[in-house]
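What follows is a set of notes on a single structure, which appears directly below.
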Amino acid sequence: MVTLKELAKQLNVSVSTVSKALHDAKDIGEDTKKRIKEAAELYNYRPNKTALALKVNKTNTIGVVVPDILNPFFAKVLHGIEEYATAKGYDTIICVSNEQLKKEAKSVELMLQGRVDGFIASLSTETLSKENFVHLDQISLNKKGLVLFDRTTSEIDCDKVVINDQKAIYDATRILISKKKTKIAFVSTIEDLPIGLLRKGGYQQALVDHGIEPDPNLVLDLTGSPQPHGLIKSFLSLHEFDAVISADNTSSLMFQSIVKSEKPELIKEIMLIGFSDEKNALLSYPRLNYIDQKAMKIGEKAAEMLISRLEAKDPDAKPKTFEMPFEIHIA
């Protein structure tokens, strides 16, 4: 593989001419561009991205940190980020925190050393519970862009993409009440997250606003449980309910599966609404009623906001929070 200088010597032109031709500069003739590009292909020339990044102080690379790569929500967000970034000429580097503060901070540190232009992140459970955001402050100190999505914090002043978690569950609970459901259970695996508490609050407020006294016995917290299936089975044997609201996609699928196994006669009697999307809702039977967070669009919007800030004439403009509209689908 030849260098830019060697390629210029081979063609008997200046290094500047070769560089401009490869970047389609308007002051280079089409015939010259064609000749240089054909030679670059022939001699397998590839630009030295590291050297170019050092020269212009820009890598066209985005660092992304997510808590869980196996969660379908985060997988779809990553898809949205990658598609938008690629279309805009940016590469993406993805790190997974596995819900650990130390790993999240290490990922940020490593990517800062690798000279990414900016970050998109959803914070780990441990980061939020300990309220330790020092590593995120380092992003600002290094003058890098940051967009937080889904799991965010008011402690960090940056662009954010969220949904109205409380309203999403409030509206879903209101739909169940409109279907004459009065014994509505609430199940969650994310009680340790701010969004989990917001969703629980939406459920409780909807009940109160419609004259139904919230029953603490109908709240099933599976967060961190080593035996969630056992807790659900016990709940089914102890309590009567006619509908279920789930704060996350994991608990909704578990709950519905165990109801089918343990009390199949209930499947046609109860209504269950959880967080999911069209594809995953079709994988369950009966088909799951679901709140669609528009995960892929969240990813696209996060990438759009970051790249816009990276390329803006005023990168210090006041941060914005974009609220992604959600949709509730009833089968």
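The values are calculated or read from the model by the stated rules, or taken from the named source; none is laboratory data. Remember, it's a predicted structure, so these values are computed and weren't measured experimentally. Cβ coordinates were reconstructed from backbone atoms using ideal geometry, including for glycine residues, and neighbour counts include every protein chain displayed. Remember, those area values only see protein heavy atoms, side chains included, never the ligands or the DNA or RNA. Shrake-Rupley method; radii C 1.70, N 1.55, O 1.52, S 1.80 Å.
What ³J(HN,Hα) values, in whole Hz, does the Karplus curve 6.51 cos²θ - 1.76 cosθ + 1.60 give for the stretch 288-305 when θ = phi - 60°, with x put for Gly and Pro?
My calculation for the stretch 288-305 gives 6, 6, 8, 9, 9, 7, 6, 4, 5, 5, 4, x, 4, 5, 4, 5, 4, 5 Hz in order.
So between Ser261 and Glu191, what do we pick up on full extension, going 0.36 nm a residue minus the alpha carbon distance?
Working: separation 70, 0.36 × 70 = 25.20 nm, distance 2.56 nm.
Going from the current span to full extension adds 22.6 nm.
Which one, (1) 25.4, 85; (2) 20.1, 64; (3) 23.8, 79, gives Rg and Dmax of the Cα atoms in Å as derived from the coordinates shown?
Given (1) 25.4, 85; (2) 20.1, 64; (3) 23.8, 79, the structure-derived one carries the label (1).
Given the stretch 37-190 reduced to its alpha-carbon atoms as identical point scatterers, what log10 I(q)/I(0) does the Debye formula return at q = 0.15, 0.17 Å⁻¹?
-0.87, -1.03
Got a number for carbon plus sulfur as a percent of the stretch 145-252's accessible area, 1.4 Å probe?
Values: 2230 of 4610 Å².
Summing carbon and sulfur atoms, their accessible area is 48 percent of the total for the stretch 145-252.
Highest mean first, how do 203-215, 144-156, 15-27, 243-255 rank when packing is the count of other Cβ atoms within 10 Å averaged over residues? Mind showing how you got there, number by number?
Values: 203-215: 15.7, 144-156: 19.9, 15-27: 14.2, 243-255: 25.0.
Per-residue Cβ counts within 10 Å, averaged per peptide and sorted highest first, yield 243-255, 144-156, 203-215, 15-27.
For Leu272, what residues show an amide H to amide H distance below 5 Å, using hydrogens built from the backbone and excluding near sequence neighbours?
Val244, Asn289
With the contact rule set at Cα under 8 Å and sequence spacing of 6 or more, what percent relative contact order holds for the chain? Display every interim value, and only then the final one.
Numbers: 546 pairs, mean separation 56.4, N = 331.
Rounded, it is 17 percent for the chain.
If you keep only loop residues by DSSP, which GluC sites (Glu not before Pro) in the stretch 218-294 have at most 15 other Cβ atoms within 10 Å of their Cβ?
Glu240, Glu269
Would you mind pulling out the separation of the Cα centroids of the stretch 28-42 and the stretch 309-331, in Å?
That distance is 41 Å.
Starting from 0 in steps of 10 Å, tell me what percent of the Cα-Cα pairs of the stretch 7-123 lands in each bin.
For the stretch 7-123, the pair-distance distribution reads 12, 31, 25, 18, 12, 2.
Please list 3J(HN,Hα) in residue order for the stretch 28-35, calculated via the Karplus relation 6.51 cos²θ - 1.76 cosθ + 1.60 where θ = phi - 60°; whole Hz, with x for glycine and proline.
Karplus values, whole Hz, x for Gly and Pro: 10, x, 4, 5, 5, 4, 4, 5.
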